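Trainee: Have a look at this one.
The values are calculated or read from the model by the stated rules, or taken from the named source; none is laboratory data. Keep in mind the model is a prediction, meaning the values are calculated, not measured. Quick reminder, even Gly has a Cβ in these numbers, built from the backbone with ideal geometry, and neighbours come from all protein chains shown. These accessible areas exclude ligands, DNA and RNA; they are computed on the full protein's heavy atoms, side chains included. Shrake-Rupley method; radii C 1.70, N 1.55, O 1.52, S 1.80 Å.
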Amino acid sequence: MAQRIILYGGSFNPPTIAHEAIIRACLALPGFDEVWVMPSRTREDKEITVSDDNRLQMLYILQQYAFAGERRLKITDFELKLPAPTRTARTLPALAAAYPGTEFWLALGGDSYRSLPEWPDAASFMHDIRVVLFSEDGEGLAENDHLVHLHLPQEVWTVSSTEARALLSAGQDARAVVRQPVLDYIARHHLY
């Protein structure tokens, strides 16, 4: 039987309590073997100003702090090794080639899911992808063999990396949106 892996991609710039909640909910879904958190390179719709290494290190810290001992959670630099900009149409075939027989599911928010048809080269993967959907409004889509809903706590919907960066840039307290060990790393490395 194929291994079933949830891929949770994003910039994680920085990783927030919302990212943590999504990872936790993914790990709680039955029927999946692992959850891979996969930071992206710069994308056509988003420039990332913090280094890949710093984003990976922040994710490792979050993993140690919030998920110590959880062997099903992997932080992967797979997409960081692919050509920039990050494109799902490139990543999915590369994953299939590197991990034959593995069933990958993309963890996507409602906005990302709705915009899938507009992604570069979407026609090459649109009808074949499997999605773990997290959305505030529930999307009204029935679960099937290619779509599973992820239920999240309400407070997740009010937190974003954009908000965290704004707080940090302004020298304000960001403990409500970013865990202290990650904040300590940010301070040590003078990020944001």
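Trainee: I need the full set of residues from the range 94-110 which are assigned to a helix (DSSP H, G or I) and either free of Cβ contacts under 8 Å to residues at least 24 places away in the same chain or touching a His at 6+ places or on another chain (Cβ under 9 Å) (or both), in order please.
Mentor: If the condition is that a residue be assigned to a helix (DSSP H, G or I) and either free of Cβ contacts under 8 Å to residues at least 24 places away in the same chain or touching a His at 6+ places or on another chain (Cβ under 9 Å) (or both), then A94, A96, A97, A98 are the ones that fit.
Trainee: Just the residues that are within 14 Å of the chain's Cα centre (by Cα), charged (D, E, K, R) and either open to solvent by 10 Å² or more (accessible area, probe 1.4 Å) or over 25 Å from T102 (Cβ atoms) (or both), please, taken from the range 53-76.
Mentor: Matches in the range 53-76: K74 only.
Trainee: Looking only at the range 45-80, which residues are among the charged types (D, E, K, R) and within 28 Å of H149 (Cβ to Cβ)?
Mentor: D45, K46, R55, E70, R71, R72, K74, E79, listed by residue number.
Trainee: While we're here: Identify the residue in the range 80-93 that is among the hydrophobic types (A, V, I, L, M, F, W, C) and in a helix (DSSP H, G or I) and, among all such residues, is nearest to L7 (Cα to Cα).
Mentor: L92
Trainee: Here's something else I'd like to know. Scan the range 173-184 and give yes if some residue there is part of a loop (DSSP other than H, G, I, E, B), over 19 Å from the mean Cα position of the chain (by Cα), among the charged types (D, E, K, R) and over 18 Å from P15 (Cα atoms), otherwise no.
Mentor: Checked against the condition, which is being part of a loop (DSSP other than H, G, I, E, B), over 19 Å from the mean Cα position of the chain (by Cα), among the charged types (D, E, K, R) and over 18 Å from P15 (Cα atoms), the range 173-184 yields no hits at all.
Trainee: Can you pull out every residue in the range 21-52 that is open to solvent by 60 Å² or more (accessible area, probe 1.4 Å) and among the β-branched types (V, I, T)?
Mentor: Of everything in the range 21-52, just one residue is open to solvent by 60 Å² or more (accessible area, probe 1.4 Å) and among the β-branched types (V, I, T), namely T49.
Trainee: Given the conditions (1) in contact with a Lys or Arg (Cβ under 7 Å, 6 or more places away or on another chain); (2) free of Cβ contacts under 8 Å to residues at least 60 places away in the same chain; (3) among the acidic types (D, E), report the number of the one that E79 does not fulfil.
Mentor: (2)
Trainee: Taking the options H127, H149, name whichever one is without any contact (Cβ under 8 Å) to a residue 24 or more places away in the chain and surrounded by 10 or more Cβ atoms within 10 Å (Cβ to Cβ).
Mentor: Just a single option satisfies the conditions, and that option is H149.
Trainee: Among (1) at negative phi; (2) within 14 Å of the chain's Cα centre (by Cα); (3) buried (at least 18 other Cβ atoms within 10 Å of the Cβ); (4) not aromatic (F, W, Y), where does G10 come up short?
Mentor: (1)
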